[in-house]
Amino acid sequence: MTTNRRLLMIPGPIEISPGVRDAFAVPPPGHLAPDVIEAFGASLAMMRRVWLAAPSSQPFAVPGSGTTAMEMAVANLIAPGDAAVVVNTGYFSDRMVEMLRRAGADVVDLTAVPGEVPNVSRAEGAFDDYARAGKTVKALFATHVDTSTGALCDPRPLASLARERGALSIFDGVCATAAERFEMEAWGADVYLTASQKAIGLPAGLALLVASERALAARDARKDPPPLAHDWHAWRPVMQAYEARKPAYFATPPTNLILALSVGLAEILAEGMEARFALHERSARALRAAWSVLGLRSVPTREQNAAHTLSALRFPAGVDPSLVGRIAEHGVYVAGGLHPAIRSEYFRVGHMGYALTRTDFLMRTVEAVASGLASFGGAVDGEGAVGAMLSSLQADTAS
Ligand code: PMP
């Protein structure tokens, strides 16, 4: 590995820890190899702890990405004609709406301007409207952090609303799981899904999802089975076998990723979930201090709606999307805009997982953003920005 490699500070895939990299970088083992069975079984048990999920819940780790995990939730829970409510915060909520419509659901899509989160009262209103029309809502969907806007939604009131009204609640945690607070059991959420390349801290290739007992029962009650490759009835016996440390097969898992998963989850749990959530909050606060010195404004305008896993930052006057390439020239990859309504007006910096334990990575990121901005001309206080970030980190560590 070269020492001048560019840092990957996009909102996934992310920089991974040396421990995860070493676990991954071995000759491919078979899916029935004893160390894979052990890593698989241990990972599933650890997923419950990272998700803060009930002992009765079922974790699934299957080949695929976040989109696969979303499709799996929809395929198992939604039948044609089912009513669904989507609390839409951007590009990935739009994807969920599209999946639900393709599955034949009757969808109420509650949208908001980029960076905002629809109010819970609007979701209540959607449930009331369905009730007046004599329909019960099957499921409520929301994106915990929408990676296209950096909008953070609070899943807790949505999960309890769904419970009160007899619906399931499904949360896309692809840009949030293992970074933003999520208490699956305490909040009564039914599905929380993610992918390996985000805050879990692995290369891409695994779809990860935990289903509650109620969600599993909803699948059991289906008359028509979902597509075989997504069916919990096909995968669940395999997950149960691995957890009992027995070999099993339905479809070949990415074995190197399974080895890496057990190391990645163990690292997260060694840190502790509370410490983990706090690390992401502290780092986001410190980076915001730096962005503010650089004159960068966030897409989410309200503090409580701003994700701790990425910054979505509007270009200041005179700066354009070529900023992303200019930052890369200074050694750090950041991402361009993604939300179609504002695509050319902002850029995104990911801050999840291992990179947050490396103050040098954060300093390099702020310096590269400052240098990219400076290349447009005008005064940019890069040193001040790094200083603001470091003092914020120090103040938080001291308190
Ligand atoms: N949901 C969210 C919130 C995401 O950020 C992403 C990926 N950026 C996805 C879903 C889709 O995941 P994937 O690209 O791994 O299929």
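Rank ALA290, ALA69, ALA126 by mean-square fluctuation in a GNM of the chain with C-alpha springs under 10 angstrom and give only the top-ranked residue. Largest GNM mean-square fluctuation: ALA126. When you restrict to C-alpha pairs under 8 Å that are six or more residues apart and normalise by the size of segment 18-270, the relative contact order lands at 32 percent.
Could you work out what % of the accessible surface of the chain is carbon and sulfur, using a 1.4 angstrom probe and leaving DNA, RNA and ligands out of the count? Walk me through the numbers on the way to the answer.
On the way: 8300 of 15460 Å².
Percent of accessible area from carbon and sulfur atoms in the chain: 54.
Seen against the Cα atoms of the chain and their longest principal axis, helix 155-164 is set at about 20 degrees. Between helix 34-51 and the chain there is an angle of about 80 degrees, using the helix long axis and the longest principal axis of the Cα atoms.
Listed by chain and number, the lysines whose alpha-carbon sits under 28 Å from that of LYS223, ignoring those within fewer than 8 places in the same chain, are LYS135, LYS138. For segment 166-240, the calculated P(r), taken from all Cα-Cα distances in 5 Å bins from zero up to the bin holding the longest distance, is 3, 14, 22, 22, 21, 13, 4, 1 percent.
Taking a ≥ b ≥ c as the square roots of the eigenvalues of the Cα gyration tensor of segment 87-199, is the shape rounded (a/c under 1.5), prolate (a/b larger than b/c) or oblate? Verdict is prolate for segment 87-199. Residue separation of GLU183 and THR136 scaled by 0.36 nm, minus their Cα-Cα distance, works out to 14.4 nm of gained length. Protection proxy ranking, highest mean first, for peptides 360-370, 84-94, 138-148: 138-148, 84-94, 360-370, where packing is the per-residue count of other beta-carbon atoms within 10 Å, averaged.
Roughly what % of DSSP beta bridges within the chain run antiparallel, to the nearest 5? If you can, show how the numbers build up before the last one.
Working: 23 of 43 bridges.
Beta bridges within the chain, antiparallel portion: roughly 55 percent.
Run the dipole for the chain about the Cα centre, Lys and Arg Cβ at +1, Asp and Glu Cβ at -1, nothing else charged, and hand back the magnitude in debye, nearest 20.
280 debye
Projecting label points 7 angstrom from Cα along Cα→Cβ for ALA25 and SER391 puts them 4.0 nm apart.
Highest mean first, what order results for 20-26, 334-340 on Cβ atoms within 10 Å?
334-340, 20-26
Under 1.5 on a/c is rounded, so check that first for segment 18-270, then, if it is not, pick prolate when a/b is larger than b/c and oblate when it is not; a ≥ b ≥ c are the square roots of the alpha carbon gyration tensor eigenvalues.
Values: a/c = 2.08, a/b = 1.59, b/c = 1.31.
Judged from the Cα gyration tensor, segment 18-270 comes out prolate (a/c at least 1.5, a/b above b/c).
If you plug the beta carbon distance of SER160 and SER399 into 1/(1 + (r/R0)^6) with R0 = 22 Å, you get a FRET efficiency near 0.10.
Mind running the shape call on segment 1-54? Use the C-alpha gyration tensor, a ≥ b ≥ c as the square roots of the eigenvalues: rounded below 1.5 for a/c, prolate if a/b tops b/c, oblate otherwise. Oblate is the answer for segment 1-54, as a/c is 1.5 or above yet b/c matches or exceeds a/b.
Length gain on complete extension for the stretch THR111 to GLN304, per 0.36 nm per residue less the alpha carbon to alpha carbon distance?
Values: separation 193, 0.36 × 193 = 69.48 nm, distance 1.80 nm.
Gain in length upon complete extension: 67.7 nm.
By how many degrees, between 0 and 90 and to the nearest 10, does the Cα long axis of helix 273-293 differ from the longest principal axis of the chain? Result, in degrees: 40.
Dipole size of segment 170-301 about its Cα centre, with +1 on Lys/Arg Cβ and -1 on Asp/Glu Cβ: approximately 260 debye, rounded to the nearest 20. Of the residues VAL332, GLY104, SER298, the one whose Cα sits farthest toward the positive end of the charge dipole of the chain, with +1 on the Cβ of Lys and Arg and -1 on the Cβ of Asp and Glu, is GLY104.
Taken as Cα centroids, segment 117-175 and segment 306-358 sit 28 Å apart, rounded to the nearest whole angstrom. Over the residues of the chain, the helix contribution to mean residue ellipticity at 222 nm works out to -13500 deg cm²/dmol, using -39500 (n - 2.57) for each DSSP H run of at least 4.
The values are calculated or read from the model by the stated rules, or taken from the named source; none is laboratory data. What you see is a predicted model, and the numbers here were worked out from it, not measured in a lab. For neighbour counting, all protein chains shown are included, and Cβ atoms are generated from backbone atoms with ideal geometry for every residue, glycine included. What goes into the accessible areas is simple: the full protein's heavy atoms, side chains included, and nothing from ligands, DNA or RNA. Shrake-Rupley method; radii C 1.70, N 1.55, O 1.52, S 1.80 Å.
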